[in-house]
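Below is one structure, written out as structure tokens, with a few remarks after it.
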Ligand code: DQQ
């Protein structure tokens, strides 16, 4: 990471320059992971003329940037090639369905196929000559119809795909069916919809195993799976878990979206327009999400780029069946450099402990806390409802009893700059409540940066389980996983002083009660390799 670009990351996916947003069509093909993504080849901000940039990897860590897979050329996508997905058709033939912005600014769904299936890199894509294959139905505005999902096969052998939309203040997943992947008919009802949710961008619909962390292929339907419906709206990725009844094309959520802040999210910080795919080699489902900037557009233009992809996360159904769990893919271990460990260390109230000897600007830290004084937790009179507000009202500098305790990341030695990721434990009637916060308020002495505090509850009972925190720290992004991945919070920060060698990492306890670090492991991270296919350089 050059000194002049302190915010570029060392192991998060990003192109060398320009604007990036949604992950598109992730897949595994002939041993290569493919990641396409929304990209503006002309600048650091979002604009017309979006393309599908394309990169491939053997390990989800090191990437080769290829030529753009799709870019505006035809009347049906002349203004932009927007988001979409890949479906692997029988015979191991990948097909892209994507949204084109046509000459008339209408959002239409287009099909593209690889030119040469024997090329594992799938460098060239051919747009179907009779595109578009799907156009907005009556009653749908021309700019509220986009982002087709990976298709699945139903009990009758038909292809099913959903497209995000909005009708009369009701966000929805409109269902289309096809026998040949070319001719699509709209099903009479949307697969799901909900009032007051906004336009459903980048929907995702996939099965998760009830009894296993393994993933399953998108077309799997049997009593051992539940189905997840994800939709992106109001700047967040919300999801519900439920039962898919294929014959009648009904999706019955266990609990529907409520349009309140109790709705489940993949991430309670910055994370949007995400997409999953099934990795058939390692039998897992992997999630990618777009993490946008928190600095100003002027800053983005100055630095020449904007947007990151999250670190890829494995995703599965929690034992409770009531939520999902996410965890960085195991390949991250390849980047682990120098390791520091701490065991059974008491942290008195009001203390700070440095994690020394690793590159704190690019690190992976995992801590398990024990709470010997759990009964001392603060009592809450009523059931708390707004965790983000609780984190905002009491940031890391506000002393509590059990907590705040956690990490101070990208911190200067004098703690002037610091991003605090921490927990507070409360008691309400006979239960304990675990609050997780990511406090960016002191992340930088710079102004004109969005320093909003994020917060969420962690669905664990500290009487039976220790409290764990893992944070992936990478110059200007911190992805935190609380309660072994039950609650995730991603933030973007722009320290001015705590950069490179000036960045430090600490464990802190700002409660009055002592806690114990039962174990801590932290690694400095090596830099991932990002290379070009030679010919790529001629593309821009
Ligand atoms: N981004 C794409 C759209 C999608 C939105 C355009 C979500 O297809 O709805 O870049 O971030």
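For this structure, a couple of remarks:
Table: residues versus (1) over 20 Å from residue 219 (Cβ atoms); (2) assigned to a loop (DSSP other than H, G, I, E, B).
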site	(1), (2)
282	no, yes
286	no, no
294	yes, yes
334	yes, no
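- Residue match in segment 54-74 (condition: within 13 Å of the ligand (Cβ to nearest atom), under 22 Å from the mean Cα position of the chain (by Cα), in contact (Cβ under 8 Å) with a residue 24 or more places away in the chain and closer than 22 Å to residue 129 by Cβ): no
- Which numbered condition residue 93 misses (of (1) within 25 Å of residue 270 (Cα to Cα); (2) at pLDDT 95 or above; (3) over 19 Å from the mean Cα position of the chain (by Cα); (4) away from the ligand (no atom under 16 Å from the Cβ)): (1)
- Of all the numbered requirements in (1) assigned to a strand (DSSP E or B); (2) within 15 Å of the ligand (Cβ to nearest atom); (3) under 28 Å from residue 479 (Cβ atoms), residue 33 misses one, and that requirement is (2).
- Only one of 6, 23, 15 that is part of a strand (DSSP E or B), touching a residue at least 60 places away in the same chain (Cβ under 8 Å) and either within 15 Å of the ligand (Cβ to nearest atom) or in contact with a helix residue (DSSP H, G or I) (Cβ under 8 Å, 6 or more places away or on another chain) (or both): 23
- Any hit, segment 169-185, residues being without any contact (Cβ under 8 Å) to a residue 40 or more places away in the chain, under 26 Å from the mean Cα position of the chain (by Cα), over 23 Å from residue 111 (Cβ atoms) and not in a strand (DSSP E or B): yes
- Some residue of segment 251-258 being touching a residue at least 12 places away in the same chain (Cβ under 8 Å), surrounded by 13 or more Cβ atoms within 10 Å (Cβ to Cβ) and not in a loop (DSSP other than H, G, I, E, B): yes
- The single condition among (1) more than 18 Å from the chain's Cα centre (by Cα); (2) part of a strand (DSSP E or B) that residue 206 does not meet is (1).
- Those residues of segment 75-90 which are within 12 Å of the ligand (Cβ to nearest atom) and surrounded by fewer than 20 Cβ atoms within 10 Å (Cβ to Cβ), in sequence order: 79
- Residue in segment 36-44 that is within 15 Å of the ligand (Cβ to nearest atom), within 23 Å of residue 311 (Cβ to Cβ) and assigned to a loop (DSSP other than H, G, I, E, B) present: yes
- Residue within segment 405-415 that is at pLDDT 95 or above, touching a helix residue (DSSP H, G or I) at 6+ places or on another chain (Cβ under 8 Å), in a loop (DSSP other than H, G, I, E, B) and surrounded by fewer than 19 Cβ atoms within 10 Å (Cβ to Cβ) present: yes
- Tallying residues that are away from the ligand (no atom under 14 Å from the Cβ), part of a loop (DSSP other than H, G, I, E, B), modelled with pLDDT of 95 or more and surrounded by fewer than 23 Cβ atoms within 10 Å (Cβ to Cβ) within segment 141-165 yields 1.
- Test result for residue 278, away from the ligand (no atom under 16 Å from the Cβ) and part of a strand (DSSP E or B): yes
- Cβ-Cβ under 7 Å pairs, at least 6 apart or on other chains, segment 200-224 side more than 15 Å from residue 162 (Cα to Cα) and in contact (Cβ under 8 Å) with a residue 24 or more places away in the chain, far side within 16 Å of the ligand (Cβ to nearest atom) and outside any loop (DSSP other than H, G, I, E, B): none
- Residue within segment 116-123 that is farther than 24 Å from residue 203 by Cβ and either at pLDDT below 95 or within 16 Å of the ligand (Cβ to nearest atom) (or both) present: no
- Assessment of segment 99-106 against the conditions (within 22 Å of residue 305 (Cα to Cα) and either away from the ligand (no atom under 16 Å from the Cβ) or touching a strand residue (DSSP E or B) at 6+ places or on another chain (Cβ under 7 Å) (or both)) yields no matching residue.
- Criterion: within 16 Å of the ligand (Cβ to nearest atom), within 30 Å of residue 30 (Cβ to Cβ) and touching a strand residue (DSSP E or B) at 6+ places or on another chain (Cβ under 7 Å) - qualifying residue of 267, 217, 237: 237
The values are calculated or read from the model by the stated rules, or taken from the named source; none is laboratory data. Just so it is clear, the structure is predicted and the values come from calculations on it, not from any experiment. Glycine also receives a Cβ, built like all others from the backbone with ideal geometry; neighbour counts cover every protein chain displayed.
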